[in-house]
Amino acid sequence: MDKIDIKSLDFEELENSIKEMGLPKFRASQIYDWLHKKLVTSFDEMTNLSADLRSKLSETYYITACEVARMQESREDGTRKYLFKLRDGNYVESVFMRYHHGNSVCISSQVGCRMGCKFCASTLDGLTRCLEPSEMLEQIYRIQALTGERVSNVVVMGTGEPMDNYDNLLKFIKLLTDGHGLNISQRNLTVSTCGIVENMKRLADEKLSITLALSLHSVTDEKRRELMPIANKYSINELMDACEYYFDKTGRRITFEYALVRDVNDRDEDAKGLIRLAGRVKAHVNLIPVNPIKERDYRETARDDVLAFKNKLEKSRINVTIRREMGRDIDGACGQLRKKTMDSE
C-alpha cells in the first residue's frame, strides 16, 4: 500500500484518517500542530507521541520535506532566493522578501511550466509536473523555519501556472488559511494567472477573499499572442469578462500584472489601451520592468519611461504601482536559478 501524504490532508481528513487507524481523535490535533505550527519534517520529532505510535505513523504516512539545494541572498535588500530539492529529485524556486508591512514569500506551483510566455525563464524547459498541496506549503514552512521569521504574506507567482494546478491550489489555500495551522489570512494571499478563463470563473465561484492577479502584458490580442501562447486560446475580451465575473462574485478587485518590455508594449497606444481595460474592470495595475533573460532578446523599459507610463495611467485615475524590484542581483526572476542549476548538472 502506498503511503499517504499526511501534510496534504486538511484537519478533518486527518481526523478521519487517524480514526480509521483506531487512534483517539485528539491525536489528530497533536499531529497537525507538529506539522503545521512546529513545522517538523519527521515523526521522530513529535516528542509527545510514543515511539510505537511514531513508528506506526511512519508506516502509514510520509511527511513532505524539501532540502535547500542553493540559497542566494541579495546584498542590495536582503531578499533570499531558495532552490529547493523535492523528494523525487526535482527542483523548485521560492523567494523570501522583507517589507515594512511584513515578510512575504513567493512560491512555485509547478515544476516547470507549459504556458510558454516569451519573457519568462520558468517555461524554457516545459512542464515536468504539478506540485502537491504539501509541496506548496513546504516552501513557506522551510523558509519560516530557516529564517526564524513569521511569514505574513504569500504570493503564488513563482514557477508554474497556478490555474493549471487548480485542485491542488484550492487545497493549498485551505491548508494555509486554516486556523489549526499557520492561519494566514486569505486577504494576504495573491494568486497569479496568465488567464485560464474557465478556472478564473471556478475560483470566483469559491468566493474566497484572496487577490487574483492577471498577467496581462499586452492590450491587443495580436501582441499578446506574440508574448503569451495562452492568448491563442482566450481573447482579451474573454479575459475581461472573466475579470468582471470574478469581481461580481467576490467583490475583490483584480490586479493586472503588466511587464514593460522596451519598444514592445510600452508605447503611448499601449498606455491608452491599458487605461481602457483597467477602467472597464476597475483593476489595479502593477507595472513590472521586465527582468531580462539570456535566452530572449527582450529588454527592460528605461526607468524614466516606466515613470512616464505610470503617470499616463494615473492621469486617467487608474490605480497603479511599480513593483519594487527585489533580488535582481540574485537571479530574482522566476525560473532563473532553477534553469542555471539544471544546465550545470
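For the pair ARG202 and ASP52, the difference between a 0.36 nm per residue extended length and the Cα-Cα distance amounts to 49.6 nm. Cross-link partners of LYS207 among lysines, defined as those whose alpha carbon lies under 26 angstrom from its own and excluding same-chain residues fewer than eight positions apart: LYS7, LYS171, LYS174, LYS233, LYS249, LYS282.
In a DSSP loop and with at most 10 other Cβ atoms within 10 Å, the trypsin sites (Lys or Arg not before Pro) in the stretch 63-121 are ARG75. Over the chain, Cα pairs under 8 Å with separation of 6+ residues give a relative contact order of 15 percent. From most to least packed by mean Cβ count within 10 Å, the peptides 57-67, 126-136 give 126-136, 57-67.
Note on HIS284 and ARG75: the extension gain reaches 72.2 nm, defined as 0.36 nm multiplied by sequence separation minus the Cα-Cα distance. Couplings 3J(HN,Hα) for the stretch 150-164, derived from phi with the Karplus relation 6.51 cos²θ - 1.76 cosθ + 1.60 (θ = phi - 60°), are 5, 8, 10, 9, 10, 10, 8, 8, x, 4, x, 10, x, 6, 8 Hz, where x marks Gly and Pro. Couplings 3J(HN,Hα) of the stretch 23-32, computed from phi: 9, x, 4, 5, 4, 4, 4, 4, 5, 4 Hz, in residue order, whole Hz [Karplus 6.51 cos²θ - 1.76 cosθ + 1.60, θ = phi - 60°; x for Gly and Pro].
The lysines whose alpha-carbon is closer than 16 Å to the alpha-carbon of LYS19, local same-chain residues fewer than 8 away aside, are LYS56.
Annotation: amide H-H contacts under 5 Å for PHE256 (H modelled 1.01 Å from N, sequence separation of 5 or more, or interchain): LEU214, HIS284, VAL285, ASN286. Overall, the chain carries a charge dipole of about 860 debye about its Cα centre when +1 sits on the Cβ of Lys and Arg and -1 on the Cβ of Asp and Glu, all other atoms neutral.
Looking at the chain alone, DSSP beta bridges between its own residues are antiparallel in about 45 percent of cases.
Along the stretch 199-209 the Karplus relation, 6.51 cos²θ - 1.76 cosθ + 1.60 evaluated at θ = phi - 60°, assigns HN-Hα couplings of 7, 4, 6, 4, 5, 4, 5, 6, 6, 7, 9 Hz to successive residues, with x for each Gly and Pro. Remark: the ASN232-LEU146 segment gains 26.8 nm on full extension, using 0.36 nm per residue and subtracting the alpha carbon distance. Using only helices, what value at 222 nm comes out for the chain when you add -39,500 (n - 2.57) per DSSP H run of length 4 or more and divide by the total residues, to the nearest 500 deg cm²/dmol? Only helices count here, giving -11000 deg cm²/dmol. If only the Cβ of Lys and Arg carry +1 and only the Cβ of Asp and Glu carry -1, the dipole of the stretch 61-186 around its Cα centre is close to 140 debye. Distant-in-sequence amide contacts of GLY112, defined by a placed amide H-H separation under 5 Å and a gap of 5 or more residues or a different chain, comprise THR128.
Rule-based calculations on the coordinates, nothing more; no lab input. Predicted model only: the values in this text are computed from it and were never measured. So basically every Cβ, Gly included, is an ideal-geometry build from the backbone, and we count neighbours across all protein chains shown.
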